[in-house]
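Values in this text are rule-based calculations from the coordinates and carry no lab data. Quick caveat: nothing in here was measured; it's all calculated off a predicted structure. Please note: Cβ atoms are built from the backbone with ideal geometry, for glycine as well, and neighbour counts cover all protein chains shown.
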Amino acid sequence: MWFVARRLLHAVPLLFCVVVLNFVLIAATPGDPVTILVGDFPAPPGYVEQVKREFGLDQPIYVQLMRYLGHVLTGDLGYSFANRQPVSTLILGRLAATLELTLTALLLASLLGIALGMLAARWRGSWLDSGVQGIASTGYSIPDFWLGQLLILVFSIWLGWLPSQGNMSVRGAPEGFAGFLDHLRYLLLPALALSFRYLALIARITRAAMLEVLSADFILAARSRGASETSVMITHALRNAAAPVITVIGYNLGFILAGSALIETVFGWPGIGRLLFDSISRRDYPVMMAILLMVSVTVVLANLATDILHRAIDPRVGDR
Amino acid sequence: MTRIDKLAFGRRQALGALAFAGLALRPGLGHATGGSGTVVAAIDNDPPTLNPGISTDYATGEIAAKIYESLVWLDVESTPQPSLATSWEAASDGRTYSFKLRQGVTWHDGKPFTAADVKFTFDEVLGKLHPRMAAVLKSLGAVIETPDDHTAVFRLQRGYAPFLVQMTVFDAPILPKHLFEGTNIPAAPASQAPVGTGPFKFQEWNRGANIRLTRNENYWDKPKPYLAEVVFQIVPQAANRSAGLQTGELDVVSDFYMPKPDLPRLMRDASLQNRQGINIPAIWFAMFNTKSPVFAQKEARQAVAMAVDRPRLVQQVMRGIARPGVGAFGDGFKWLVNADVSYDKKYPLDATKAKALLEKAGYDGSPIRMVFDAARPQLRSEAQIIRENLRAIGMDVQLEPLERSVMLDRVFAKREFDITLQSFFSAGDPAIGYTRLYATTTSGTNNNASGYSNPKVDELLAEAATAPDRDRRAALYKELQVILNEDLPSLVLFDEETVNVATKRVSGLWSSVDARDRWAGVRIQGN
């Protein structure tokens, strides 16, 4: 418990610095949100002033920062001037879609990555091993947004099997279980595109960890006791190889969340990542700040959860 | 029932979460009665607002044109036709317009539409907040009188030739007074969940995903509208919009959202239809910073005009769907083109003469900063070709593609550029969109950032915008071209031709000059 409390306490100054740094960096970025807000034609100066006053953009940066910090401490994430909505409402409206996409991608990457890594380790040097290593190298070097476009080209345009945009049918949407399946059809391609890089990473780490464990004495002992190969691989080897794999999965959660910005844009998926992407192009500072803060908190929590899980799996890791 | 912004854990989202638990319970979306079929049209992003009275955002206009109406609409020849006004009279001096308003029209919430809505809209919304109309109405000193519930009289302090063609839903949508009066209009609920008099009613806005409109059963022009629903699907990637047309996920994509490189392929596709041509004239141009050391001399600007291969730009940048620039106002408005001073005659491709002009201008080989919006791929190709053209005459061009808001700041606020690549459109009349390109201005986005200021030009532009007689106006615009084609504060590279694309299942589209307008008569087969 002390460990958890200590880690959470450490996170407070870290998050404070993240907020201040983000605010200063965003404020220093060239570009004017009011210009974006009022459209392309020369706006009446009175209107521009009104918009600036309305959102406090006429104040000096340090006043804006102080106001923002005060609001964040009371749980108020501000008001999106591009969307004319409270930021918390906007983010809550998009959160489910992003969680759905990122968790599915993480699940796909973890299950397939671990399975492929195990198979490659078990049949080291075989064609299967070479294949897995090929997939791992490819997956790690292909940009995910490019892979997304490729998947759309093949599965949506050429084969016509899966939809290319959105997260639901917009006309004649089926009901009940058919509706659920319809939704899965929309989820599959973006989840695959987002997961591939991490699938590759997890497969490589799993393979390496398994190879190390498989050469250990206790594996030889288990085999000599007549344990089945499945039991050796899963009960003995995988459990001992799990620590680095879990670390990689946990530490990459933040990257997957951040990576969803491009994938959500490619597939028109209505999540937080798209919201961030749009907010950057519209200079919607309050939304950008809130999403960056959310990602930072997620990374801190994911790292903490990873450490806790690490301790649970490996008793050698304890309080120092 | 109107719903906006389905929140977090909305039904569809909740399903995704339940998927992991193996559950699948999903109520369906409601469908409107009457009319048939759903047309899905692409937009690129969530619009900043659904109030066309306060924004000129393209997507705002795209959606609002189905919900709201205006006094007139423009047919394909840009001729005003009756909409909320059934007839109108203009005084011979062009300073008084009297509109008879349609009777029996109701807002989507059932309240009657009256002249008070027209007066409120012009006085409190368009006159104060509309990015295009506020300045126009102010300069005209427009006063609106409503002698009765069905008459609106506009009294102007001076004539303004494009007055009627600017009374469209994009520049002059009529808003409900009873919902906006006394509110902070940009933040009012009706700016997010609009209530209009048009053929379709706002149903829901799933942010990041789509905006859904349903049929207005009480529309005044029965039996229209024919469709049950119109859905605007947000497709952020341009390439996926053309893909969506081919996969059948989308039915209609406006030219504005169309990736130009895909057009030739889509135009050959037998399952698709298109409307090609200049409907809303738009010019793509290179604007020179006449205050920069390089382009302060007009000879340097003329040298560029002689070096840039405009037909090549048309072929390579626009895939042939454009026409090479001929003069300061392009050739989208045929009646004003002055062929005697056209670019073809004044600036034929001639590298030797261009070099001589550069030498006369005293160009010392210093680098030229060419600034443009990085998000528009055509501008990148355009910039690369121009750089190559100018290198041939000894100019060292450095490309500076910038994110849009940064570009607006650099070009229109700070004026830190030598050449900038831009495009302006002018719906219905050159005075609406092109005057800002040459009139003296000191601030504001999307206008004359070249620093060029010529009192004679200002005077001619002002008269050309107000003269009621078309022949007189043509003469003034021709005189302007004599000056502007010589001085070249901006070099018009080409006139864009718009191409709107739709699947062949959709009919009744494009009855207006603006593809976004007049959807009451649209139908779709087979859904």
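Order these peptides, B:86-98, A:139-151, B:184-196, by their mean beta-carbon neighbour count within 10 angstrom, highest first.
B:184-196, A:139-151, B:86-98
Note down the magnitude of the dipole of the protein assembly as shown about its Cα centre, charges +1 on Lys and Arg C-beta and -1 on Asp and Glu C-beta and zero elsewhere, to the nearest 20 debye.
Dipole magnitude for the protein assembly as shown comes out near 1760 debye.
Across peptide B:401-410, how many C-beta atoms of other chains are within 10 Å of each residue C-beta, on average?
Other-chain Cβ atoms within 10 Å of each residue's Cβ, averaged: 5.
Can you sort A:T89, A:T102 from fewest to most other Cβ atoms within 10 Å of each residue's own Cβ?
Listed from fewest to most nearby Cβ atoms, that is A:T89, A:T102.
Tell me the mean residue ellipticity at 222 nm calculated for the protein assembly as shown from its helices only (DSSP H runs of n ≥ 4, each -39500 (n - 2.57), averaged over every residue, nearest 500).
Taken over the protein assembly as shown, the calculation gives -14000 deg cm²/dmol.
Per residue Cα convex hull volume for the range B:72-180, in cubic angstrom?
With only Cα atoms used, the range B:72-180 gives 101 Å³ per residue.
Using only Cα atoms, tell me the angle between helix B:455-466 and the longest principal axis of chain B; keep it within 0 to 90° and round to the nearest 10.
For B:455-466 against chain B, the angle is about 30 degrees.
For q = 0.11, 0.12 Å⁻¹, what log10 I(q)/I(0) does chain B give under the Debye formula with an equal point scatterer on each alpha carbon and no solvent?
-1.01, -1.18
Between A:A121, A:A27, A:A258, which gets the highest mean-square fluctuation from a Gaussian network model of chain A, Cα cutoff 10 Å?
So, out of A:A121, A:A27, A:A258, the one fluctuating most is A:A27.
For peptide A:178-186, what's the mean number of Cβ atoms from other chains within 10 Å of each residue's Cβ?
Other-chain Cβ atoms within 10 Å of each residue's Cβ, averaged: 4.
Just how many % of Cα pairs in the protein assembly as shown lie over 37 Å apart, if you round to the nearest whole percent?
Tail fraction, whole percent: 51.
Within 10 Å, Cβ to Cβ, of B:Q276, how many net charges do the neighbouring residues add up to if Lys/Arg are +1 and Asp/Glu are -1?
-1
Return the whole-Å distance between the Cα centroid of the range B:392-470 and the Cα centroid of the range B:371-388.
Between the Cα centre of the range B:392-470 and that of the range B:371-388, the gap is 18 Å.
Could you list the GluC sites (Glu not before Pro) in the range B:56-85 that lie in coil according to DSSP, counting only those with at most 11 other Cβ atoms within 10 Å of their Cβ?
Hits after loop and neighbour filter: B:E77.
Kindly give the semi-axes, whole Å and largest first, of the ellipsoid equivalent to chain A, taking each as the square root of 5 times a Cα gyration tensor eigenvalue.
Values for chain A, descending: 43, 27, 16 Å.
Note down the net charge around B:K128, summing +1 for each Lys or Arg and -1 for each Asp or Glu among other residues with Cβ under 15 Å from its Cβ.
Once all neighbours under 15 Å are counted, the net charge is -1.
Post the alpha-carbon centroid distance, the range A:178-206 to the range B:169-205, in whole angstrom.
41 Å
Working from Cα positions, state the angle (0 to 90°, nearest 10) between the long axis of helix A:272-282 and the longest principal axis of chain A.
Its long axis makes an angle of about 40 degrees.
Fewest to most neighbouring Cβ within 10 Å: what's the order for B:I63, A:I246?
Lowest to highest Cβ neighbour count: A:I246, B:I63.
Need the C-alpha centroid separation for the range B:209-271 versus the range A:248-267, integer Å.
After rounding, the separation between the Cα centres reads 30 Å.
Report, in degrees rounded to the nearest 10, the 0 to 90 angle that the Cα long axis of helix B:351-361 makes with the longest principal axis of chain B.
Between the helix axis and the principal axis of chain B, the angle is about 80 degrees.
Please compute the net charge surrounding B:A427, taking Lys and Arg as +1 and Asp and Glu as -1 over other residues with Cβ under 12 Å from its Cβ.
Cβ neighbours under 12 Å give a net charge of -2.
For peptide B:125-134, compute the average count of partner chain beta-carbon atoms within 10 Å of each residue's beta-carbon.
Mean number of neighbouring Cβ atoms from other chains: 4.
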